[in-house]
Amino acid sequence: MNVLFVCLGNICRSPMAEAMFKQMVATEGLSDQIHIDSAATSNEEEGNGPHPGALKTMHRHHLNTAGLVSRPITSRDFDWADYIICMDNMNLYNLRRIAPVTDVGKIHLANEPVPGKSDTEIPDPWYTHRFEDTYQSLATALPYWLAIMKRQLK
């Protein structure tokens, strides 16, 4: 199973989600079954590592940040991914606009499976500088995704 996390620049939310989900998947012993990556809807930050605030937050939570480099989403990503999990409604709109028709159903908001929060966006710390809030929002949403995927693997 392949999971792609997507945000605008791939320097804050989506690399944070990638690192968090990789740790969760590894803890469950599923790293050989669930593969995780992240990408951007823009190419503005291509080649850059995570934002310093995102790095600080990820390190505070003992997440591995090695290899996290911003890159724009490609047509191969749509082929590869079983789930494309994005952070806000603008990401959702942009992804649905560029996705092949057969792949639109793979695109989801991060909070979609969270009861009472299905249309709630993950806050962008680029604007708020509240990286811990973003981490906590992802910490709420990601276990729901892992549960969905674990059920599918059975």
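The numbers here are math on the coordinates, done by the rules we state, and not lab data. From a predicted model like this one, the values you see are computed outputs, not experimental measurements. Please note: Cβ atoms are built from the backbone with ideal geometry, for glycine as well, and neighbour counts cover all protein chains shown.
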Checklist entry - Does region 32-39 include one or more residues that are in contact with a Gly (Cβ under 6 Å, 6 or more places away or on another chain) and surrounded by fewer than 16 Cβ atoms within 10 Å (Cβ to Cβ)? => result no
Next on the checklist: Suppose the filter is of a type outside the set (K, R) and either on the phi > 0 side of the Ramachandran plot or without any contact (Cβ under 8 Å) to a residue 40 or more places away in the chain (or both); does S70 pass it?
Outcome noted: no
Item to check | helices (runs of 4 or more DSSP H) lying entirely in region 81-154 (those with 3 or more residues that are over 22 Å from G53 (Cα atoms)) | outcome: 89-98, 131-153
Checklist entry - Looking at S42, is it buried (at least 22 other Cβ atoms within 10 Å of the Cβ), of a type in the set (S, T, N, Q) and closer than 17 Å to I85 by Cα? => result no
Checklist outcome for this item: How many residues of region 19-65 are more than 24 Å from T128 (Cα to Cα), in contact (Cβ under 8 Å) with a residue 60 or more places away in the chain and either aromatic (F, W, Y) or outside any helix (DSSP H, G or I) (or both)? The answer is 4
Checklist entry - Here are T27, T74, T57, T65: which of them is of a type in the set (S, T, Y) and surrounded by 22 or more Cβ atoms within 10 Å (Cβ to Cβ)? => result T57
Checklist entry - Any residue in region 82-104 that is free of Cβ contacts under 8 Å to residues at least 12 places away in the same chain, surrounded by fewer than 21 Cβ atoms within 10 Å (Cβ to Cβ) and either within 16 Å of N10 (Cβ to Cβ) or among the aliphatic types (A, V, I, L, M) (or both)? => result yes
